[in-house]
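What follows is a short report on a single structure.
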Amino acid sequence: MKPETTRFAAALLGLGFVFGLSIPRFSVLALLLCAGMVLLRPFRLPRVWRLTVPLLLGFTFLHEGISVYYGYREPSVLIMHPLLFLAAYFLGLGLPTVEPFRDGRCVMRFFMMVALGMATFALLGAALKPIRIEGADLLRKAPSFWDSSLTLNGTVYGLYASVGMVLLPLAMFRGRKLLNLGPWDGLLAGGAGLVGLAANLLFQNRSPLLALAAALAWVAGTLLFRPSEHGRARRAQTAARLGLLSATILGIGLAYREQLMLALFRFQSVGLGTNGRSEAWGRMLTHFFDQPFGGRQQNLAGLSYAHNLWLDVTNDSGLLSVVVLNLLLGVHVVYLARAIRRSGGVDRLAMVVLFISSMVGAALEPLLIGSPSHFALMLMVLGWMVNLGSPAAEPLDEGAWAPAERRLTLG
């Protein structure tokens, strides 16, 4: 690899980590710099961008514009969020087509760096949270590490932790006949997973554990039931590691019962209930057409938001916004199915587990209201999904500002 290409890759990986850290202003700037660096190199885009980009911008301006009208957002979001979301989506679409990221492992490494940054941000917040038992909810708020005047709920920190946690199965099943993940990539996936898990235990969130369980089931199921050249040996090793994992969890539970009960204190106080979410969802669904232009007219059973991306969008900005959002997401379902059907690779598994984290967060948490950075990450994953699910013969638009002999031809 040429030194200039190595520096380019290292810069993008570092900027991805900074984006994940969610430092006010700097993290958004880091993502914009990533997109700008890709834009200045020869890149290609699947032509579906001609449909998805207008849908993305249409949703963003519609949702944010109505939210600004009602006073839910500052007017500055009409500039910053379209830039943030478009840069994130472009990065997901374009990064896998530039050197050295045409190797899927390099793209995976970039997303792992983002996940490590987000998990680190959650753990930094957890370090500022007092560890005491005065009621489960009181354990779940902490000031932002970067801005002590901003206090975030454990729900938001859980979104950050989840992105790292879902990478744990990749590290757990690393092996020559299992997942062909290099030692440094395995360390990166395991580090992000453990940092996220530690933060989540301190914040007592349940949905990230659901995302982790779903990611583990997907990776293990792929290894157990998808045909491969190693066949029976791979299934035997997978079953052995699942057994080892079960024994380890049981051993920790027996040896550190009191500490484990403390870590799972919220499960004891709340259980597996929705903690008001189901009531909020029910009220939104039964009054779906009562506020066609949003306006937060529904009583959400005492909650500040519906804890669901689609219902929160409907509550804030109305039916048209959620229709455009569903059209945007629906286009990518085709590419998800294609990516899953194609021959398995560790980069595809990484994409799927990150998508699982995004979807669990979207279904159970205030993903867009609580953290626009996570909506941006979801868009990046969707762009990556398009690349992994695109047939080799699918028409591409080529573009570059440099070198001079290759011109931007996106029109």
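Listed by first and then second residue, the pairs linking a residue in the range 170-188 that is aromatic (Phe, Trp, Tyr) to a residue that is at pLDDT 85 or above, with Cβ atoms under 8 Å apart and 6 or more places separating them unless they lie on different chains, are Phe173/Leu179; Phe173/Val219; Phe173/Ala220; Phe173/Leu223; Phe173/Thr238; Phe173/Arg241. Between Thr52, Thr97, Thr60, the distinction of being of a type outside the set (A, V, I, L, M, F, W, C), touching a strand residue (DSSP E or B) at 6+ places or on another chain (Cβ under 6 Å) and at negative phi belongs to Thr97 only. Within the range 30-38, can one find any residue that is more than 17 Å from Phe8 (Cβ to Cβ) and either among the aromatic types (Phe, Trp, Tyr) or surrounded by fewer than 17 Cβ atoms within 10 Å (Cβ to Cβ) (or both)? Taking every residue of the range 30-38 in turn, none turns out to be more than 17 Å from Phe8 (Cβ to Cβ) and either among the aromatic types (Phe, Trp, Tyr) or surrounded by fewer than 17 Cβ atoms within 10 Å (Cβ to Cβ) (or both).
Of the set (1) crowded, with 18+ Cβ neighbours inside 10 Å; (2) in a loop (DSSP other than H, G, I, E, B), all apply to Val18 but (2).
The condition of being part of a helix (DSSP H, G or I), within 28 Å of Val331 (Cα to Cα), in contact with a Ser or Thr (Cβ under 6 Å, 6 or more places away or on another chain) and touching a residue at least 40 places away in the same chain (Cβ under 8 Å) does not hold for Phe90. Considering only the range 280-334, state which residues are within 20 Å of Leu55 (Cβ to Cβ), touching a residue at least 60 places away in the same chain (Cβ under 8 Å) and not hydrophobic (A, V, I, L, M, F, W, C). Listed by number, the residues that qualify are Gly294, Asp316, Ser317, Gly318, Ser321, His332. Checking Leu170, Leu152 one by one, the residue that is in contact with a strand residue (DSSP E or B) (Cβ under 8 Å, 6 or more places away or on another chain) and assigned to a strand (DSSP E or B) is Leu152 and no other.
Does Arg105 meet the test of being closer than 27 Å to Leu21 by Cβ, of a type in the set (Lys, Arg) and part of a helix (DSSP H, G or I)? Criteria met by Arg105. Only one of the numbered conditions (1) at pLDDT 95 or above; (2) of a type outside the set (Lys, Arg); (3) under 18 Å from Cys106 (Cβ atoms) is not met by Met1, and that is (1). Residues that are more than 17 Å from the chain's Cα centre (by Cα) and surrounded by 16 or more Cβ atoms within 10 Å (Cβ to Cβ) within the range 145-174 comprise Phe145, Trp146, Leu152, Asn153, Ala171, Met172, Phe173, Arg174, listed in sequence order.
The values are calculated or read from the model by the stated rules, or taken from the named source; none is laboratory data. What you see is a predicted model, and the numbers here were worked out from it, not measured in a lab. Heads up, the Cβs are rebuilt from the backbone with ideal geometry, glycines too, and the neighbour counts pull from every protein chain shown.
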